[in-house]
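To start, the structure under review is shown below, and the notes come after it.
The values are calculated or read from the model by the stated rules, or taken from the named source; none is laboratory data. Since the model is a prediction, treat every value here as computed from it, not as a measurement. Please note: Cβ atoms are built from the backbone with ideal geometry, for glycine as well, and neighbour counts cover all protein chains shown.
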Amino acid sequence: MKTILITGASGDVGTHLRRELAGKYALRVSDLRPLKKINKEEKFVRADISKYPDALRITKGVDAIVHLGGYSVEGPWEGILNANIVGCYNVFEAARRNGVKRILFPTSNHATGFYRRDHTIDHRVYPKPDSRYGVSKVFGEALASLYADKYGMQMFCMRIGNVSPMPIDKRRLSILFTPRDLAQLVTIGIEHPDIRFEIVYGVSKNKRSWYDNSNAYRLGYKPQDDSEKWAAETIAREKPGGDPVAEAHQGGVFCSAEEISNPAPLPKKKRRK
Ligand code: 15L
């Protein structure tokens, strides 16, 4: 069984992914803070990836890395710099030093968030980040490209939409990425025999998609979900907007706001009294 390191394992995407991959891989799960729940067959290693020795320690002896660690929304520059830029460099460089060949880098729709919604984009468009967070994802894609070309590593960049079992608003009808489709794309990223440097969109097969995801389909991705079945109820729930910049662009409020809260945190378990 392959050993896969998941950094940032306690976040929403990490939590969905760990559940979906359980039993298929030996999971080494890492985060800055201790995890609330560690599943059977998981091994937890605490790490601050902004510290290179930590990155070196956790990447030793794994077959592939899913590097989720870092800020997952817009935030202050210092935080983005340490977690997403220094942290990403440390993980990629530590992987190289440890001889880990394959990295799956969950980049984001916010690397291209300033494309307009009436524009269909593919994996070859130049980046148009919508935030400091988006810029950090473009940095990660560029670093992945460097490590593929210069060191022969296998780098799989997934520009992730919104990971959730169902769309939470109208914008997310275009970028929904259900947990089972996420698991399928990640499995391709781990298993495909012919990865060098790839950019794919991490989204389900949404009718309202803004993406030409032919590069993912070429690699065998067959998403099972389409947000359209929730379209009517999602649109009916939507309150009238008032932010023309957000509404015109794919990145939505990331294009106009300075700070963003997590849009779809996992539901909190009810506390016992
Ligand atoms: C992202 O990149 C974030 O990580 C996630 O929390 C969502 O905000 C998502 O984009 C989105 O655009 O909905």
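Set side by side, the residues VAL138, VAL86 differ, and just one is within 13 Å of the ligand (Cβ to nearest atom), part of a helix (DSSP H, G or I) and without any contact (Cβ under 8 Å) to a residue 40 or more places away in the chain, which is VAL138. Within the span defined as region 48-56, one or more residues are within 19 Å of ASP12 (Cα to Cα) and in contact with a strand residue (DSSP E or B) (Cβ under 8 Å, 6 or more places away or on another chain). Residues in region 253-273 that are at pLDDT 95 or above and away from the ligand (no atom under 15 Å from the Cβ): none.
Restricting region 141-185 to residues that are β-branched (Val, Ile, Thr) and closer than 15 Å to ASP12 by Cα, the residue that is farthest from the ligand (Cβ to nearest atom) is THR178.
When region 141-162 is filtered for residues that are under 19 Å from ILE190 (Cα atoms) and either part of a strand (DSSP E or B) or of a type in the set (Ser, Thr, Tyr) (or both), the ones remaining, listed by number, are SER145, TYR147, TYR151, GLN154, MET155, PHE156, CYS157, MET158, ARG159, ILE160. Of all residues in region 199-252, those that are part of a helix (DSSP H, G or I), within 16 Å of the ligand (Cβ to nearest atom), of a type in the set (A, V, I, L, M, F, W, C) and surrounded by 21 or more Cβ atoms within 10 Å (Cβ to Cβ) total 0. Once region 93-121 is narrowed to residues that are part of a helix (DSSP H, G or I) and touching a residue at least 60 places away in the same chain (Cβ under 8 Å), the residue that is surrounded by the fewest Cβ atoms within 10 Å (Cβ to Cβ) is ASN109.
Screening region 122-135 for residues that are in a helix (DSSP H, G or I) and not aromatic (Phe, Trp, Tyr) and picking the one that is nearest to the ligand (Cβ to nearest atom) gives GLY134.
As a summary of the residue check, ALA9 satisfies the conditions (1) farther than 21 Å from PRO165 by Cβ; (2) modelled with pLDDT of 95 or more except for the one numbered (1).
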